[in-house]
Amino acid sequence: MSDPQDPQKYLSPLDRHAAKESAPPPLPSPPRTPSVLSRASANPEVIPTASNHPLIRDVMEGKRYVFYPYVVSLLVISLRRTMGGLRVVETGAWPLGPLFGAAAVTGLFGWWGFPWGLIWTPLTLYHLSRGGRDVSRDLIVQIVGRDEAARIMKSAPKPKPPAGIWLVRLLLLLPLLWFVLGIVAVALSSEP
């Protein structure tokens with residue numbers, strides 16, 4: 001199909017041939033700049049690799065990207081939020097302040113919403129008992145893909161939670177233990 005705007009369409013075959021011969025020669029194409037890969041073959045240090053990414057370097061040094069979720073509920077409304085946003089946590093230096101704050105808010109105000117407060121609160125307390133929600137792997141997957149992220153996380157040093165995390169776990173388990181003991185006490189007292 002020819003273009004309706006093409007002036008060659010309206011010329012006779014002889015005129016088209018004459019126009020081709022009198023046309024100026026085509027301009028040469030501009031020189032191509034070398035691509036990253038062709039430069040890399042000349043200089044291997046130029047290759048952009050995932051190991052140069054600051055997030056991956058942090059994870060390989062033992063740091064983790066963590067957030068501290070909490071739940072607040074008011075009868076039929078339940079909200080899940082994070083305490084202080086995403087934090088870079090170094091091995092053994094976990095900030096216990098936001099962890100205790102999120103655990104306290106969730107423990108006191110998370111249960112009061114139906115139905116999501118009753119569902120989200122135990123899940124949030126579980127994540128908090130493990131030192132917060134570690135999203136390092138999820139961030140690395142977005143950079144290098146699932147298989148490479150699995151290899152990086154396998155070779156990265158494992159985080160060492162501080163001794164204070166056991167205090168958080170104890171504080172999270174005490175209300176549950178108190179609740180179970182209360183149910184057992186009521187069940188035992190109602191028997192004839």
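Things worth noting here:
- Of residues in the stretch 150-186 being within 19 Å of the chain's Cα centre (by Cα) and among the aliphatic types (A, V, I, L, M), the one surrounded by the fewest Cβ atoms within 10 Å (Cβ to Cβ): 150
Listed here are the residues, each with its yes/no results for (1) farther than 15 Å from residue 66 by Cα; (2) free of Cβ contacts under 8 Å to residues at least 40 places away in the same chain; (3) among the basic types (Lys, Arg); (4) assigned to a loop (DSSP other than H, G, I, E, B).
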site	(1), (2), (3), (4)
143	yes, no, no, no
157	yes, no, no, yes
166	yes, yes, no, no
170	yes, yes, no, no
181	yes, yes, no, no
186	yes, yes, no, no
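- Note on the stretch 105-122: residues that are surrounded by fewer than 13 Cβ atoms within 10 Å (Cβ to Cβ) and either in a helix (DSSP H, G or I) or on the phi > 0 side of the Ramachandran plot (or both) amount to 1.
- Close contacts from the stretch 47-64, counting a first residue that is under 18 Å from residue 87 (Cβ atoms) and outside any helix (DSSP H, G or I) and a second that is at pLDDT 80 or above and aliphatic (A, V, I, L, M), with Cβ to Cβ under 6 Å and a gap of 6+ residues or different chains, come to 63/88; 64/89.
- Scan the stretch 123-149 for residues that are more than 26 Å from residue 100 (Cβ to Cβ) and either surrounded by 14 or more Cβ atoms within 10 Å (Cβ to Cβ) or touching a Leu at 6+ places or on another chain (Cβ under 9 Å) (or both) and the total you get is 6.
- Taken over the stretch 135-189, the criterion of being closer than 24 Å to residue 89 by Cβ and charged (D, E, K, R) is satisfied by 137, 138, 146, 148, 151, 154, 158, 160, 169.
The values are calculated or read from the model by the stated rules, or taken from the named source; none is laboratory data. Here the structure is a predicted model, which is why all the values come from computation and not from measurement. Reconstructed Cβ throughout: ideal geometry from the backbone, glycine too, with neighbour counts over all protein chains shown.
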